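The values are calculated or read from the model by the stated rules, or taken from the named source; none is laboratory data. Since we're looking at a predicted model, the values are computed, not measured. Neighbour counts run over all protein chains shown; Cβ positions are idealised from the backbone, glycine included. Surface areas here come from the heavy atoms of the whole protein model, side chains and all, with no ligands, DNA or RNA. Shrake-Rupley method; radii C 1.70, N 1.55, O 1.52, S 1.80 Å.
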Amino acid sequence: MKRILSRRVVLGSMAAAGGFSLLGLGVRGFPFPIRNPRDAGEALAWRGQEMLLASQPLVREYASDQISREFPVNGTMPSHERYRRLLETGFRDWALRVDGLVARPLSLSLPQLRALPLRSQITQHNCDEGWSAIGQWTGVPLRHILAMAGLRPQARYVVFHCMDVMDVDKRPYYESLDLLNATHPQTILAHAMNGQALAPEHGAPLRLRVELQIGYKNAKWLDRIEVTDSLNRYGKGRGGWWEDFDNAPWFAGQ
């Protein structure tokens, strides 16, 4: 007897086939080995974002009267002597280094960064600890810095090296992004918050704001930006401190 397939079964099969095809593409392009179903889901979400947000639409921005009265502070403040000296001198002797797979390595002081084209945006910060807050961030679009440096053809990722050292394992904090997220118009290197110079507890002299991803991807106390073709040689090879230490997702899209 010939089996008759319902429309629901056919459509479900087509959706499943499409999902497996997309997963295959994600697994092939994902920067890390797929170890478990959660990794597979992360790779699928990462590939889906790449396809859906290729035109780089903006996330929601808010009005000034919606800025949160209190913006929670988290993270481990740098406690070493170098940071204390920099803070005492208003970061006079600090410069952001940009190197790796770039044609023109950069060293940019805080006044030089402030003189570059700026973007100001009021956005919502969503922390994986369960809180959110709205703040105004002002800084240089990261894609402008990368254009100044000139990406080499092998470039695939941007690694952010920070000045804070984590108490648990005494390793410096770091994070990384793919080029889609790094070059999004709202991904900025912020040196001001709510109309004032960035406070030390919020990441002075410079912090990353990547509005497409959740809290821990927004690295504070930036010291160096490195462009690379692989994330395998940083930390434990998972693309960030929390990813290494706590198995947090590298792609933390929201």
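When only DSSP loop residues count, what trypsin sites (Lys or Arg not before Pro) in the stretch 205-248 have their Cβ near at most 14 other Cβ atoms within 10 Å?
Details: sites: R207, R209, K217, K220, R224, R233, K236, R238; in loops: K220, R233, K236, R238.
Those satisfying the criteria are R233, K236.
Per residue of the stretch 72-89, in order, report the coupling 6.51 cos²θ - 1.76 cosθ + 1.60 (Karplus, θ = phi - 60°) as ³J(HN,Hα) in whole Hz, putting x for Gly and Pro.
Each residue of the stretch 72-89 in turn: x, 9, 9, x, 9, 4, x, 10, 7, 4, 4, 5, 4, 5, 4, 5, 5, 9 Hz.
Please work out the FRET efficiency for the pair D65 and E201, using the Cβ-Cβ distance as r and a Förster radius of 30 Å; give the result to the nearest 0.05. Numbers along the way, then the final one.
Values: r = 24 Å, r/R0 = 0.80.
Taking R0 as 30 Å, the efficiency between D65 and E201 is 0.80.
Could you give me the ³J(HN,Hα) list for the stretch 229-234, computed from phi with Karplus coefficients 6.51, -1.76, 1.60 and θ = phi - 60°, whole Hz, x at Gly and Pro?
Working through the residues one at a time gives 9, 8, 9, 5, 8, 10 Hz.
Give me the percent of accessible area attributable to carbon and sulfur for the chain, probe 1.4 angstrom.
Working: 7040 of 12810 Å².
Within the chain, the accessible surface is 55 percent carbon and sulfur.
Mind ranking 162-174, 64-76 by how tightly packed they are, going by the mean number of other C-beta atoms within 10 angstrom, highest first?
Numbers: 162-174: 16.0, 64-76: 12.0.
Ranked from most to least packed, the peptides come out as 162-174, 64-76.
Select from L179, F160, L189 the residue farthest towards the positive end of the dipole of the stretch 152-194; place +1 on Cβ of Lys and Arg, -1 on Cβ of Asp and Glu, and compute about the Cα centre.
It is L179, whose Cα lies furthest towards the positive end.
How many angstrom separate the Cα center of the stretch 200-254 from the Cα center of the stretch 86-103?
So the separation of the two Cα centres works out to 18 Å.
Rolling a 1.4 Å sphere over the protein heavy atoms, what is the accessible area per residue of the chain, to the nearest Å²?
Numbers: 12810 Å² over 254 residues.
Averaged over the residues of the chain, the accessible area is 50 Å².
Relative contact order, percent, of the chain when contacts are C-alpha pairs under 8 Å separated by at least 6 residues? Show your work: numbers first, answer last.
On the way: 439 pairs, mean separation 50.5, N = 254.
Here the relative contact order equals 20 percent.
Tell me which chymotrypsin sites (Phe, Trp or Tyr not before Pro) from the stretch 46-84 have a DSSP coil assignment and no more than 16 other beta carbons within 10 Å of their own. Before the final figure, lay out each step's value.
Numbers: sites: W46, Y62, Y83; in loops: Y62.
Taking the stretch 46-84 and a limit of 16 other Cβ atoms within 10 Å, the loop chymotrypsin sites (Phe, Trp or Tyr not before Pro) found are Y62.
Quick one: which of 177-189, 30-42 comes out on top by average Cβ neighbours within 10 Å, and what's the full order, highest first?
177-189, 30-42
Looking at the stretch 52-166, I'd like the Rg to Rh ratio, where Rg is from alpha-carbon atoms and Rh is Kirkwood's inverse mean 1/r. Write out the running numbers ahead of the final one.
Working: Rg = 16.9 Å, Rh = 17.2 Å.
My calculation puts Rg/Rh at 0.99.
Would you mind calculating the relative contact order of the stretch 75-121 from Cα pairs under 8 angstrom and at least 6 residues apart, reporting the percent as a whole number?
Values: 27 pairs, mean separation 11.5, N = 47.
Worked out over the stretch 75-121, it gives 25 percent.
Could you point to the label whose value was computed as Cα extents along the principal axes in Å for the structure here, given (i) 107, 39, 32; (ii) 55, 37, 30; (iii) 85, 43, 36?
Matching entry in (i) 107, 39, 32; (ii) 55, 37, 30; (iii) 85, 43, 36: (iii).
Please give the contour-minus-distance gain from Q154 to R92: 0.36 nm per residue of separation, less the Cα-Cα distance, rounded to one decimal in nm.
Working: separation 62, 0.36 × 62 = 22.32 nm, distance 3.40 nm.
Using 0.36 nm per residue and subtracting the Cα-Cα distance, I get 18.9 nm.
Using the Cα centre as the reference, give the magnitude of the dipole from point charges on the C-beta atoms of the chain (Lys, Arg: +1; Asp, Glu: -1; all else neutral), rounded to the nearest 20 debye.
Numbers: 31 positive and 25 negative charges, 193 e Å.
Computed about the Cα centre, the dipole is about 920 debye.
Could you compute the FRET efficiency for H144 and I34, with r as their C-beta to C-beta distance and R0 at 35 Å, rounded to 0.05? Show your work: numbers first, answer last.
Values: r = 34 Å, r/R0 = 0.98.
Step by step, r from the Cβ atoms, then E = 0.55.
State the answer as a single residue: which of A45, L106, H202 lies farthest towards the positive end of the charge dipole of the chain, with beta carbon charges of +1 for Lys and Arg and -1 for Asp and Glu, about the Cα centre.
Farthest towards the positive pole: A45.
Would you work out which of L96, Y83, Q66 lies farthest towards the positive end of the dipole of the stretch 21-135? Charges go on Cβ: Lys and Arg +1, Asp and Glu -1.
L96
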